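Here is the structure we will look at, set down as structure tokens.
The values are calculated or read from the model by the stated rules, or taken from the named source; none is laboratory data. In this text, all values refer to a predicted model and were calculated from it rather than measured experimentally. Methodologically, a virtual Cβ is constructed for each residue, glycine included, from the backbone with ideal geometry; neighbour enumeration extends over all protein chains shown.
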Amino acid sequence: GESVGLHLPTLSVQEGDNSIINCAYSNSASDYFIWYKQESGKGPQFIIDIRSNMDKRQGQRVTVLLNKTVKHLSLQIAATQPGDSAVYFCAETLTGGGNKLTFGTGTQLKVEL
Amino acid sequence: DGGITQSPKYLFRKEGQNVTLSCEQNLNHDAMYWYRQDPGQGLRLIYYSQIVNDFQKGDIAEGYSVSREKKESFPLTVTSAQKNPTAFYLCASSWTRNTEAFFGQGTRLTVV
């Protein structure tokens, strides 16, 4: 079956550095991708999304890059802060699929002071 | 405040008992979803509903049941047929076509 997976289960960065979280997806038909942040014991929170007709999208301190050729998605966090410590999930879906999101396993981001 | 509310936050169940988890949203979303999350794992889809009085099985529907009698509500029943029900359950809602899903704060179910 189709799946979404993450390359790195844990990422440790120094406060102030930039973070890059990667995600591989296998369904070439997927046309909408979302990054979520989940803090311990809470529900996931939307960070940023990107559609398949785009290669890059920027938000506040975050940038998502989409490489459809190699089915790769990344989330870049600039000037990482202690409050960024959480688990980050990428999710994919496709038009006509009922907006069902398929989630990857997640990456734990740890920000060191 | 608009949002999606799950209750209770913590729930304990004895083996062999059915239990129902509540999910309510006032975002006027058409679609609602239930996900299960195990420790250190991603989210797996249990059931989803795109319109009232209609719902579809997700990837791990066995041992669960749902209803969608109202647009705002999508309760999940964990039945005694679910052999490993201890998990963190997350409800979400969205518009139906390629939009972000909004999540509740989750219900942690423990079988004792």
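Counting only residues that are modelled with pLDDT of 95 or more, over 25 Å from residue B:10 (Cα atoms) and within 11 Å of chain A (Cβ to nearest Cβ), region B:21-53 holds 0 of them.
The single residue among A:41, A:5, A:83, A:1 that is small (Gly, Ala, Ser), within 28 Å of residue A:113 (Cα to Cα) and modelled with pLDDT under 95 turns out to be A:41.
Conditions first: (1) in a loop (DSSP other than H, G, I, E, B); (2) at pLDDT 95 or above. Residue B:6 passes all but one, so which condition is the exception? Against the list (1) in a loop (DSSP other than H, G, I, E, B); (2) at pLDDT 95 or above, residue B:6 comes up short only on (1). Can you give me the number of residues within region A:58-101 that are within 13 Å of another protein chain (Cβ to nearest Cβ) and either part of a loop (DSSP other than H, G, I, E, B) or without any contact (Cβ under 8 Å) to a residue 24 or more places away in the chain (or both)? Of the residues in that region, 9 qualify. Taking first residues from region B:49-74 that are of a type in the set (A, V, I, L, M, F, W, C) and partners that are surrounded by fewer than 15 Cβ atoms within 10 Å (Cβ to Cβ), the Cβ contacts under 9 Å between residues at least 6 apart in sequence or on separate chains come to B:51/B:96; B:52/B:69; B:52/B:70; B:66/B:77. Applying a threshold of 9 Å to beta carbon distances and a minimum spacing of six or more residues, or different chains, the list of pairs starting in region A:28-51 at a residue that is at the interface with chain B (Cβ under 9 Å from one of its Cβ atoms) and over 17 Å from residue A:66 (Cβ atoms) and ending at one that is among the small types (Gly, Ala, Ser) and not in a strand (DSSP E or B) reads A:38/A:106; A:41/B:106; A:42/B:106; A:43/B:104; A:43/B:106; A:44/B:101.
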